Amino acid sequence: MHEAPSKGEARCPGVILLHGIARTSASLRGLERALQAAGFATLNIDYASRTKQIAELADDIHPAISDFARRDAPLHFVAYSMGGLVARTYIAKHRPSRLAGVVMLGTPNGGSEVADLLSGFRLYRAFYGPAGLELTTAMRRDALPAVDYPVGVIAGTRFIDPIAGLFVLPKPNDGRVSVQNAMLTGMADHVVVKASHTGLPRHATAIAQTIAFLRDGRFSPA
């Protein structure tokens with residue numbers, strides 16, 4: 001877990017970063033550095049994404065977020081892939097009083113057809129654990145309350161895996177999540193970028209659009 005030093009800037013807007021399944025906080029370090037350079041205080045959290053259900057993960061990260069949220073400043077979430085579902089679950093259970101908004105990058109809000117295909121295989125279940133089974137399209141339907149806070153969705157349209165990108169997922173997609181399943185009823189804005197699922201958190205346009213939404217509550221026009 002990485003937390004930016006305050007340096008007397010206790011009222012700078014705060015950003016909680018949540019990585020995806022089978023990742024660590026290190027996967028979001030580039031994005032975190034960009035947010036810090038833009039004037040945000042950050043808390044980049046590690047959590048055991050492969051060993052528990054999403055609701056349990058939301059409880060696990062609560063102490064660290066609760067401590068960070070004591071700052072007298074707006075609090076945002078920036079979440080990659082399954083991290084967006086963890087963020088939505090966390091807000092439903094432990095909503096911060098100064099919640100300002102959420103940016104999701106490649107989050108399977110409507111589930112992923114890739115998870116549909118692989119969830120029956122023992123190797124998938126063993127590697128991705130309980131949370132991996134919650135990424136199917138059937139599991140995501142009505143799984144969480146409707147959002148009543150600003151959400152910006154960033155979806156990718158480039159895929160590396162030709163089988164998933166061409167034959168499993170509806171087009172356009174990022175190789176793991178289709179654009180249509182990244183979308184979320186009630187979101188404030190959305191934007192698509194030419195990035196793969198893996199590349200989204202490092203993509204310059206996705207990072208710039210994340211900062212734009214955090215500042216203005218909307219993405220920059222193309």
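The values are calculated or read from the model by the stated rules, or taken from the named source; none is laboratory data. Just so it is clear, the structure is predicted and the values come from calculations on it, not from any experiment. A quick note on method: Cβ atoms are made from the backbone with ideal geometry, for glycine too, and the neighbour counts reach across all protein chains shown.
Could you tell me whether the range 35-58 includes any residue that is surrounded by fewer than 17 Cβ atoms within 10 Å (Cβ to Cβ), farther than 25 Å from SER112 by Cβ and among the charged types (D, E, K, R)? No. Residue count for the range 168-186, restricted to those that are under 13 Å from LEU105 (Cβ atoms) and without any contact (Cβ under 8 Å) to a residue 60 or more places away in the chain: 1. Only one entry in LEU28, LEU17 is part of a helix (DSSP H, G or I) and modelled with pLDDT of 95 or more, namely LEU28.
Pairs are defined by a Cβ separation below 8 Å, a sequence spacing of at least 6 or placement on different chains, a first member in the range 116-145 that is farther than 18 Å from ALA48 by Cα, and a second member that is surrounded by 14 or more Cβ atoms within 10 Å (Cβ to Cβ) and among the acidic types (Asp, Glu); the pairs so defined are THR136/ASP116; THR137/GLU113; THR137/ASP116; ALA138/ASP116; ARG140/GLU134; ALA143/GLU134.
Matching residues to (1) under 14 Å from THR107 (Cβ atoms); (2) hydroxyl-bearing (Ser, Thr, Tyr):
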residue: PHE121; (1), (2): no, no
residue: ARG125; (1), (2): no, no
residue: TYR128; (1), (2): no, yes
residue: THR137; (1), (2): yes, yes
residue: ARG141; (1), (2): no, no
residue: VAL151; (1), (2): yes, no
residue: THR157; (1), (2): no, yes
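Per the listing ALA73, ALA10, the residue uniquely at pLDDT below 95 and either in contact with a Lys or Arg (Cβ under 6 Å, 6 or more places away or on another chain) or part of a strand (DSSP E or B) (or both) is ALA10.
Any chance the range 44-55 includes a residue that's modelled with pLDDT of 95 or more, farther than 25 Å from ALA146 by Cα, of a type outside the set (Asp, Glu) and outside any loop (DSSP other than H, G, I, E, B)? Yes; the residues of the range 44-55 include at least one that is modelled with pLDDT of 95 or more, farther than 25 Å from ALA146 by Cα, of a type outside the set (Asp, Glu) and outside any loop (DSSP other than H, G, I, E, B).
Counting just the residues of the range 62-86 that are more than 25 Å from ALA155 (Cα to Cα) and aliphatic (A, V, I, L, M), which one comes out surrounded by the most Cβ atoms within 10 Å (Cβ to Cβ)? Applying the filter and picking the extreme gives ILE65. Where helices (runs of 4 or more DSSP H) sit wholly within the range 123-222, those with at least 1 residues that are within 25 Å of ALA37 (Cβ to Cβ) occupy 204-216.
Checking each residue in the range 138-188 for being basic (Lys, Arg) and surrounded by 12 or more Cβ atoms within 10 Å (Cβ to Cβ) picks out ARG140, ARG158, ARG176.
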